[in-house]
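Take a look at the structure set out below.
The values are calculated or read from the model by the stated rules, or taken from the named source; none is laboratory data. These numbers come from a predicted model, not from an experiment. Cβ placement follows ideal geometry from the backbone for every residue including glycine, while neighbour counts extend to all protein chains displayed. We work out accessible area using only protein heavy atoms, side chains counted, and drop any ligands, DNA or RNA first. Shrake-Rupley method; radii C 1.70, N 1.55, O 1.52, S 1.80 Å.
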Amino acid sequence: MSSTRSPFPSRRDILRAAVAIATGAGLCPLGNALGGVPSARDRVSGGRSLSTNCDTPDLDRDCLTFHEERVVVDLAKAPELAVAGNAANLIDRRRSVELIVVHVEEGIYCALSRFCTHAGRTLAYIRSRKLLQCTNFNHSCFELDGNVRKGPAEVPLASHRVRVRDGLLEIDLKPEARP
Amino acid sequence: MTKAVALVLLIGLGAPLAARGQAAGDTWQNPQDGMVFVRVPAGALLLETASDDTGGHTITFAQGFWMGRTEVTVGQFRRFAAATGYSTEAERAGNRFTWQDPDFPQTDEHPVVYVSVEDARRYAAWAGVELPTEAEWLHAAGAGTTSRFHWGDEIDDRYVWHRGNAGDGSRPVATRRPNPWGLHDMVGNVSEWVTVCEGGQAPRGGSWTRCPRYRHLHGGVVEPFNNELARRLSPCPPVLPGYPWDDDRGFRCIRRER
């Protein structure tokens, strides 16, 4: 029997990143919870679809508020993100905003470009692997910090800083600079 | 008596494969790697008509052949590698992931992946078998049916491992229902290298990474498994995927009667 090394980041890694962000030393765009848990967490779908390995729902416009340099997601109006392990697209084509927002673990979110850097196809979130995977034939895989895990993509995904505050996600519209 | 018994044994062991059965679903086990081969009967493969009005013709198989009941497994490939000292092209290239560590949990019963066409050829030569042509593969996969898939026109999770029900890795072979001729995982699990033309191979059959239905960039819905199951022959040379190996690409073997 071959080895079964887990490819998934451990819970300790995720929490360590969250603490690092809280202390201003973040190395990845995961947002940590500073405020209370939004009530939407108890409404699994509200009649709207949840993400699967193939399909990612779009956030409704009514949960989004755009500011000059950030977009705010009202989690109370975003049941797609209520459950940890789900993801949703955040799209505003007029503003050229095309992101995928992932609720990684309870209170921890990340936001990245939703297009594969290989050929521009859309990504979906594979919850069991904690990876973003292209839905196209070659299915490039990306870590949640945007780094390529498996090609043929070679360029990392743009990631956006996320802050969680009082039931709101604040996502910077400008991508984070990569080291 | 001893000589008579020996003579009978000699005849039995040396009997051509054809004497072992001609009916669809008859089986033969390869002593080299333990793979069970299933009899694919003679018959005709009706190819689809392409958009340029080519195709739409029939390929006739005057005689049947034997095809691996499943994709070659990790365990079988391991025996090959141990017996020959073979390293795959991905291993020699220093690829991050290989057939021994494909970045998802696997057992010896999973289909081997991260194998190139050359890796598959080397294995087949060791096992005394070959890679199928695209036409042979399509004939075997269709199993005499005319529907989109051998079970019907819609995805049926009882028959296929795809991204919707196996999204985090391949699955052990033969854990979905077989086609009418007894072949497992012709659709899904891992795609399989077939020979399209001299020097040209392509993967067919779809895999665990393929969505049963998904939206493209501009919202268009893509048909299940794209063209991997289309009953038409690939161009020569085929348009190859981006990698010579991948985590969803394996192979199965064929034994032809000479």
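Amide H to amide H, with H built 1.01 Å from N, residue B:252 comes under 5 Å of B:72, B:193, counting only residues 5 or more places away or on other chains.
Element breakdown for the range A:80-179 at a 1.4 angstrom probe: carbon and sulfur atoms account for 47% of the accessible area.
Applying 1/(1 + (r/R0)^6) with R0 = 35 Å to the Cβ-Cβ distance of residue B:28 and residue A:119 gives a FRET efficiency near 0.20. The mean number of Cβ atoms from other chains found within 10 Å of a Cβ in peptide B:164-171 is 4, as a whole number.
Residues of the range A:109-124 that bury at least 30 Å² of accessible area once all protein chains are present, compared with their chain alone (1.4 Å probe, heavy atoms only, ligands and nucleic acids left out), are A:121, A:122.
Interface residues of the range A:50-95, defined as a loss of at least 30 Å² in heavy-atom accessible area between the chain alone and the complex of all protein chains with a 1.4 Å probe, are A:53, A:54, A:55. Of the peptides A:115-127, B:109-121, B:137-149, the ranking by mean beta-carbon count within 10 Å, highest at the top, reads B:109-121, A:115-127, B:137-149.
Here the Karplus curve 6.51 cos²θ - 1.76 cosθ + 1.60, taken at θ = phi - 60°, turns the phi angles of the range B:163-171 into couplings of 5, x, 10, 8, x, 10, x, 5, 10 Hz, with x standing for Gly and Pro. In order along the range A:73-82, the phi-based Karplus estimate (6.51 cos²θ - 1.76 cosθ + 1.60, θ = phi - 60°) of 3J(HN,Hα) comes to 9, 7, 5, 5, 10, 10, x, 4, 9, 5 Hz; Gly and Pro are listed as x. What the range B:121-182 shows is 38 Å² of accessible area per residue, with the surface traced by a 1.4 Å probe over protein heavy atoms.
Inter-chain neighbour count for A:137-143: the average number of beta-carbon atoms from partner chains within 10 Å of each residue's beta-carbon is 5. With 0.36 nm allotted per residue and the present C-alpha distance subtracted, the residue A:154-residue A:62 stretch has 29.6 nm of extension available. Assuming R0 = 25 Å, can you tell me the calculated FRET efficiency for the pair residue B:62 and residue B:91, based on Cβ-Cβ distance, to the nearest 0.05? Efficiency, rounded to the nearest 0.05: 0.05. Our coupling estimate for the range A:107-120, obtained by passing each phi through the Karplus curve with A = 6.51, B = -1.76, C = 1.60 and θ = phi - 60°, is x, 10, 10, 9, 9, 9, 4, 9, 10, 4, 7, 7, 9, x Hz, Gly and Pro reported as x.
Counting only other chain Cβ atoms within 10 Å of each residue's Cβ, the peptide B:90-96 averages 1.
When the accessible areas of A alone and B alone are added and the area of the pair subtracted, with a 1.4 Å probe, the result is around 2800 Å², both sides summed.
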